[in-house]
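S.K.: Pasting in a structure now, in structure tokens, and then I'll have a few things to ask.
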Amino acid sequence: DAAEAEIKRIDRELDKLMKLILASDSDDAPTPMMKHMKELEARQKELKAFLQDAQEPPPLLHPNMAHH
């Protein structure tokens, strides 16, 4: 859950950075913003790979608990 929440946060930050870059007057994006975007994209890829390899957590209750 934490990884999925962080991916959503990274998506929002990337969107904000892209809007800032598009709104800037200069033709080339400011270097710190581009560096931050690349770091966020790398972290996002890392988290998505983690989620693909993650196993489904065990159920908190036994599936037949309702019958008891």
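S.K.: Taking the chain as the reference, fit the longest principal axis to its C-alpha atoms, fit the long axis of helix 2-23 to the helix C-alpha atoms, and give the angle between the two in degrees, 0 to 90, nearest 10.
M.R.: Roughly 20 degrees, rounded to the nearest 10.
S.K.: How big is D for the chain, in µm² s⁻¹ as a whole number, if Stokes-Einstein is applied with the Kirkwood radius of its Cα pairs at 20 °C and 1.002 mPa s? Please list the in-between numbers first.
M.R.: On the way: Rh = 14.7 Å.
This corresponds to a translational diffusion coefficient of 145 µm²/s.
S.K.: Give me the 1.4 Å probe accessible area per residue for the chain, excluding ligands and nucleic acids, in Å². Before the final figure, lay out each step's value.
M.R.: Details: 6040 Å² over 68 residues.
Here the residues of the chain average 89 Å² of exposed surface.
S.K.: While we're here: I want to check the label-to-label distance for residue 42 and residue 2. Put each point 7 Å from Cα in the C-beta direction and report it in nm to one decimal.
M.R.: If labels sit at residue 42 and residue 2, their model points lie 2.1 nm apart.
S.K.: Further question: Please compute the modelled spin-label separation between residue 49 and residue 35, points set 7 Å along Cα→Cβ, answer in nm with one decimal.
M.R.: Rounded to a tenth, the inter-label distance reads 2.3 nm.
S.K.: Pop out the carbon and sulfur fraction of the accessible area of the chain as a percent, whole number, probe 1.4 Å.
M.R.: Working: 3400 of 6040 Å².
Carbon-and-sulfur percentage of accessible area, whole number: 56.
The values are calculated or read from the model by the stated rules, or taken from the named source; none is laboratory data. This structure is a prediction, so every number in the text was calculated from the model and none was measured. Every residue, glycine as well, gets a Cβ built from its backbone with ideal geometry; the counts of neighbours run over all protein chains shown. Surface accessibility is based on the protein's heavy atoms, side chains included, excluding ligands, DNA and RNA. Shrake-Rupley method; radii C 1.70, N 1.55, O 1.52, S 1.80 Å.
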